[in-house]
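The values are calculated or read from the model by the stated rules, or taken from the named source; none is laboratory data. Since this is a predicted model, take the numbers as computed values, not measurements. Cβ placement follows ideal geometry from the backbone for every residue including glycine, while neighbour counts extend to all protein chains displayed. In case anyone asks, the SASA skips ligands and DNA or RNA and just uses the protein heavy atoms, side chains included. Shrake-Rupley method; radii C 1.70, N 1.55, O 1.52, S 1.80 Å.
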Amino acid sequence: MADSSDSVSIDMETSSLAGKEHIVKTSYGFVNVAVFGDQDKPALITYPDIALNHMSCFQGLFLCPEAFSLLVHNFCIYHISPPGHELGAAAMSYDDPVLSVDDLADQVAEVLDYFGLGAVMCMGVTAGAYVLTLFAIKYTRRVLGLILVSPLCKTPSWTEWLCNKVMANVLYYYGMCGLVKELLLIRYFSKEVRGGAIIPETEIVHSCRRVSPPFILLLGERQSPNVLNFLEAMNGRPDITEGLKRLQCRSLIFVGENSPFNSDSLHMTSKLDRRFSALVEVQGCGSMVTEEQPDAMLIPLEYFLMGYGFYRPSQMNVSPRSPLSPTSISPELYTPESMGLKLKPIKTRLSQI
């Protein structure tokens with residue numbers, strides 16, 4: 001454990017999922033880490049997408065009682081926020097140097113060092129999935145497994161690059177205005193969730209547009225320079241496809257059928273060792289499966305973690321709809337097709353790793 005002078009611990013407010021907040025000093029600046037659970041358990045590291053933090057990117061998943069019992073029973077959760085993305089973060093200076101994606105991956109390693117962690121399980125969404133994949137490539141022995149949601153591994157397409165450039169320019173001159181929020185919502189959610197002239201937007205998207213509490217998905221609270229820095233880092237990311245061959249862990253990939261990054265995620269899956277990777281394509285879903293359709297993640301997560309000897313405790317209370325409670329409902333109703341999933345087999349052998 002690092003010296004206390006390198007970190008400040010703060011008890012976060014009301015939410016039972018918020019955990020205890022640590023502000024950790026690294027070679028690349030301070031980074032916010034919210035720790036939830038028993039630190040004697042194996043570690044699960046999370047990293048969110050651009051303009052999000054753990055409360056806005058992963059709470060939908062952790063609010064599912066089945067996922068909560070599965071993950072919190074087996075892991076201590078370390079939610080890492082991108083620099084300046086935590087709640088209440090101060091605005092960075094536009095003159096501050098932009099951290100590269102390599103810097104962000106190295107920063108994750110320093111966070112692990114601070115908490116005295118060895119090998120960890122990783123869960124990231126889109127930009128966060130890229131950072132954790134790069135971390136796994138650079139620090140192969142420190143990653144037990146990768147759970148990636150709408151991940152990226154190539155350089156930005158011309159469409160993504162141009163969209164990011166538009167957002168960057170608007171952020172610089174106008175801040176987190178309506179146009180930036182709309183582009184981010186397109187990045188995160190399917191059209192069905194975003195709504196339109198006929199179908200009203202859902203509550204989750206409505207909360208993103210709000211400027212004040214009580215909702216947590218508040219894009220308006222993000223500081224423009226902080227979002228701009230992460231956006232520019234991702235817009236300058238290199239292709240790490242070749243590095244995927246060096247991965248020494250198993251991978252579980254979720255991607256929404258309607259995600260703008262669907263083809264990127266399918267490309268990444270095709271480059272991974274099929275013996276130790278699995279793809280879950282969620283129908284009618286955008287990029288942020290953790291918030292839009294978290295229930296679709298439950299069964300694949302359970303089988304993936306069973307390969308490591310992790311399990312969901314049967315003595316814990318579950319809701320009647322729990323797909324992890326086989327006595328509650330006919331198992332036939334939980335076939336992949338009935339849940340709108342396209343699955344590839346999940347390998348659970350560990351002998352070759």
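What are the residues in the stretch 76-91 that are touching an Asp or Glu at 6+ places or on another chain (Cβ under 9 Å) and open to solvent by 40 Å² or more (accessible area, probe 1.4 Å), if any?
Matches in the stretch 76-91: GLU86, LEU87, GLY88.
Do we have THR133 as surrounded by 24 or more Cβ atoms within 10 Å (Cβ to Cβ) and not in a strand (DSSP E or B) here?
yes
Within the stretch 139-188, track down each residue that is of a type in the set (Gly, Ala, Ser) and under 15 Å from GLY220 (Cα atoms).
GLY175, GLY178
From LEU104, LEU63, LEU152, LEU112, grab the single residue that is among the hydrophobic types (A, V, I, L, M, F, W, C), within 30 Å of SER263 (Cα to Cα) and in contact with a strand residue (DSSP E or B) (Cβ under 9 Å, 6 or more places away or on another chain).
Just a single option satisfies the conditions, and that option is LEU104.
Just the residues that are touching a helix residue (DSSP H, G or I) at 6+ places or on another chain (Cβ under 9 Å) and either under 19 Å from VAL166 (Cβ atoms) or open to solvent by less than 10 Å² (accessible area, probe 1.4 Å) (or both), please, taken from the stretch 223-242.
Matches in the stretch 223-242: SER224, PRO225, VAL227, LEU228, PHE230, LEU231, GLU232, ALA233, MET234, ASN235, GLY236, ARG237.
Run down CYS177, CYS153 and say which single residue is more than 16 Å from MET288 (Cβ to Cβ), out of contact with any Pro (no Cβ under 8 Å at 6 or more places or on another chain), surrounded by 16 or more Cβ atoms within 10 Å (Cβ to Cβ) and not polar (S, T, N, Q).
Just one listed residue meets the conditions, CYS153.
Hey, does the stretch 108-119 have a residue that's assigned to a helix (DSSP H, G or I), open to solvent by less than 10 Å² (accessible area, probe 1.4 Å) and closer than 19 Å to GLU232 by Cβ?
yes
Considering only residues of the stretch 40-63 that are in a loop (DSSP other than H, G, I, E, B) and open to solvent by 10 Å² or more (accessible area, probe 1.4 Å), which is nearest to THR133 (Cα to Cα)?
Filtering first and then ranking leaves PRO42.
Among the small types (Gly, Ala, Ser), farther than 19 Å from ASN74 by Cβ and either open to solvent by less than 10 Å² (accessible area, probe 1.4 Å) or modelled with pLDDT under 95 (or both) - does that describe any residue in the stretch 294-305?
The answer is yes, given that some residue of the stretch 294-305 is among the small types (Gly, Ala, Ser), farther than 19 Å from ASN74 by Cβ and either open to solvent by less than 10 Å² (accessible area, probe 1.4 Å) or modelled with pLDDT under 95 (or both).
Whether any residue in the stretch 96-110 is at pLDDT below 95, at negative phi and of a type outside the set (A, V, I, L, M) is what I want to check.
Scanning the stretch 96-110 turns up at least one residue that is at pLDDT below 95, at negative phi and of a type outside the set (A, V, I, L, M).
Just one of the numbered conditions (1) among the hydroxyl-bearing types (Ser, Thr, Tyr); (2) closer than 21 Å to PRO294 by Cβ; (3) open to solvent by 10 Å² or more (accessible area, probe 1.4 Å) is not true of TYR94; which one?
Among (1) among the hydroxyl-bearing types (Ser, Thr, Tyr); (2) closer than 21 Å to PRO294 by Cβ; (3) open to solvent by 10 Å² or more (accessible area, probe 1.4 Å), the lone unmet condition for TYR94 is (2).
Since HIS73 meets every condition but one in (1) under 19 Å from the mean Cα position of the chain (by Cα); (2) over 15 Å from ASN53 (Cβ atoms); (3) open to solvent by 10 Å² or more (accessible area, probe 1.4 Å), which condition does it not meet?
(1)
Among the basic types (Lys, Arg), under 19 Å from SER263 (Cα atoms), at pLDDT below 90 and open to solvent by 10 Å² or more (accessible area, probe 1.4 Å), is that true of LYS191?
Against the criterion (among the basic types (Lys, Arg), under 19 Å from SER263 (Cα atoms), at pLDDT below 90 and open to solvent by 10 Å² or more (accessible area, probe 1.4 Å)), LYS191 qualifies.
Kindly evaluate LEU171 against the criterion of being buried (at least 19 other Cβ atoms within 10 Å of the Cβ) and of a type outside the set (Val, Ile, Thr).
Answer is yes for this residue.
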